[in-house]
Amino acid sequence: MRNIRLAAAQLGPIQKDESRQAVVRRMIDLMDDAKMKGAEFIVYPELALTTFFPRWHHEERAEADIWFEREMPSAATQPLFDRAAQHGMAMSFGYAELTPEGRHFNTSIIVDKEGRIVGKYRKVHLPGHDEFDPERTHQHLEKRYFEPGDLGFPVWRILGGLVGMCICNDRRWPETYRVMGLQGVELVVLGFNTPSVNSQNSSEGLEKRMFHHKLSLQAGAYQNATWVVAVAKAGVEDGHHLMGGTCIVNPDGEIVAELEGEEDGVLVHDCDLEATRFGKETIFDFARHRRIEHYGPITAQVGVRLPPG
Ligand code: CDT
């Protein structure tokens, strides 16, 4: 056994006018609860410090900088770092990053048990659009406010295991998991903000959206023999509903723990990293079975190229 006792810390809705300080207080409450339950690693959602602001169109792009963090830790988040170090708990959370060079990323970090940032990931697969779209029931302007991540999909040695990150829409792309799988990943942690309505197909329904969410996580976990932990920001933010679906998936692709509801809450589970070995040494022993001579189009082209005729 090589256990990480992990806490998936779902956040309920964050309204537009809620301060970073208020959200950090909620995050600390969840951390205290996780500590009482014996967790050593707590994972929070994507863009955990604010409302899901890409739903709001700012005519002036620079106006959106109010949602971004210029430093991490910041004055507002320092208490979270302090509490994590006091508890000896590692953590991961997402935030909007504004670099000193003026670049904007949708970012997640891993902080070790001593409170040091040891891993940073910037979201690669940005969904949505970059201009106001009157055809949609709601806006999803990630392509307006962020540039695609420039750090790839690294995997870090932390907590006695191999841990990687991705963010929300990344979970729908098999390449995300496979690039980490090729580095031996044993635990993928991710946060998400997923509207319960498809802005371009309002008849889709929550049930199908939840199905696609879980299907993606379960396939990624199974096909790479890794744990996957997905943490929602959920509930109604300023009239816009985000679905829940916080869950933990084992390396067989089975959901082993799920959080009900759309409020703040923690889901604690012992993830035995040794459970990744069987899949990695048998059906998904990449060194023996992958056939890269046939995978060229995956990195050589973006869109579909139809066969001739
Ligand atoms: N935050 C995020 O990436 N949400 C997307 C919504 C896609 S709809 C434009 C998701 O994949 O859940």
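The values are calculated or read from the model by the stated rules, or taken from the named source; none is laboratory data. Note that the structure is predicted; figures quoted are calculated from it, not measured. Cβ: placed from backbone, ideal geometry, glycine included. Neighbour counts: every protein chain shown. Side chains are part of the model used for accessible areas, which takes the heavy atoms of the whole protein and leaves out ligands, DNA and RNA. Shrake-Rupley method; radii C 1.70, N 1.55, O 1.52, S 1.80 Å.
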If you check R178 against the conditions, is it part of a helix (DSSP H, G or I), within 15 Å of the ligand (Cβ to nearest atom), open to solvent by 10 Å² or more (accessible area, probe 1.4 Å) and not acidic (D, E)?
-> no
Give the stretch 220-241 a look and list any residue that's among the hydrophobic types (A, V, I, L, M, F, W, C) and farther than 15 Å from Y44 by Cα, or say none.
-> A221, A225, W227, V236
Residue, farthest from the ligand (Cβ to nearest atom), within the stretch 154-175, restricted to residues that are closer than 30 Å to E135 by Cα and open to solvent by less than 40 Å² (accessible area, probe 1.4 Å) = C166
Can you name the number of the only condition in (1) closer than 26 Å to A287 by Cα; (2) in a helix (DSSP H, G or I); (3) free of Cβ contacts under 8 Å to residues at least 60 places away in the same chain that Q223 fails?
-> (3)
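Out of the residues in the stretch 38-58 that are among the hydrophobic types (A, V, I, L, M, F, W, C) and within 10 Å of the ligand (Cβ to nearest atom), which is surrounded by the most Cβ atoms within 10 Å (Cβ to Cβ)?
My answer is L47.
Take the residues in the stretch 200-211 that are more than 10 Å from the ligand (Cβ to nearest atom) and under 19 Å from the mean Cα position of the chain (by Cα), then tell me which one is surrounded by the fewest Cβ atoms within 10 Å (Cβ to Cβ). Walk me through how you get there before you give the answer.
Residues of the stretch 200-211 that are more than 10 Å from the ligand (Cβ to nearest atom), as a first pass: 201-208, 210-211.
Going one step further and asking which of them are under 19 Å from the mean Cα position of the chain (by Cα), we end up with 210-211.
Details: M210: 15, F211: 11.
Residue satisfying both the conditions and the ranking: F211.
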Taking the residues in the stretch 292-303 that are more than 27 Å from the chain's Cα centre (by Cα) and open to solvent by 80 Å² or more (accessible area, probe 1.4 Å) as candidates, determine which candidate is nearest to V179 (Cα to Cα).
-> I292
Only residues that are away from the ligand (no atom under 16 Å from the Cβ) and either in contact (Cβ under 8 Å) with a residue 40 or more places away in the chain or open to solvent by less than 10 Å² (accessible area, probe 1.4 Å) (or both): list them for the stretch 8-24, please.
-> A8, A9, G12, Q15, K16, S19, R20, Q21, V23, V24
Residues of the stretch 200-215 being touching a residue at least 12 places away in the same chain (Cβ under 8 Å) and within 26 Å of Y177 (Cα to Cα), which ones?
-> L206, R209, M210, H212, H213, K214
Can you tell me which residue in the stretch 101-131 is farthest from the chain's Cα centre (by Cα), limited to those that are part of a strand (DSSP E or B) and within 16 Å of the ligand (Cβ to nearest atom)?
-> H104
Spot the failing condition for F68; the list is (1) among the hydrophobic types (A, V, I, L, M, F, W, C); (2) crowded, with 22+ Cβ neighbours inside 10 Å; (3) on the phi < 0 side of the Ramachandran plot, and only one is missed.
-> (2)
In the stretch 138-153, the residues that are open to solvent by 20 Å² or more (accessible area, probe 1.4 Å), near the ligand (Cβ under 10 Å from one of its atoms) and in contact with a Leu (Cβ under 9 Å, 6 or more places away or on another chain) = K143
List every residue pair whose Cβ atoms lie under 9 Å apart, where the two residues are 6 or more positions apart in sequence or sit on different chains, the first residue falls within the stretch 38-61 and is among the charged types (D, E, K, R), and the second residue, located anywhere, is assigned to a loop (DSSP other than H, G, I, E, B) and more than 12 Å from the ligand (Cβ to nearest atom).
-> E40/G88; E40/M89; E40/K113; E40/L159; R55/D238; E59/F132
What number of residues within the stretch 126-135 satisfy the criterion of being charged (D, E, K, R) and open to solvent by less than 40 Å² (accessible area, probe 1.4 Å)?
-> 1
Tell me, please, whether a residue that is within 15 Å of the ligand (Cβ to nearest atom) and open to solvent by 40 Å² or more (accessible area, probe 1.4 Å) can be found in the stretch 181-199.
-> yes
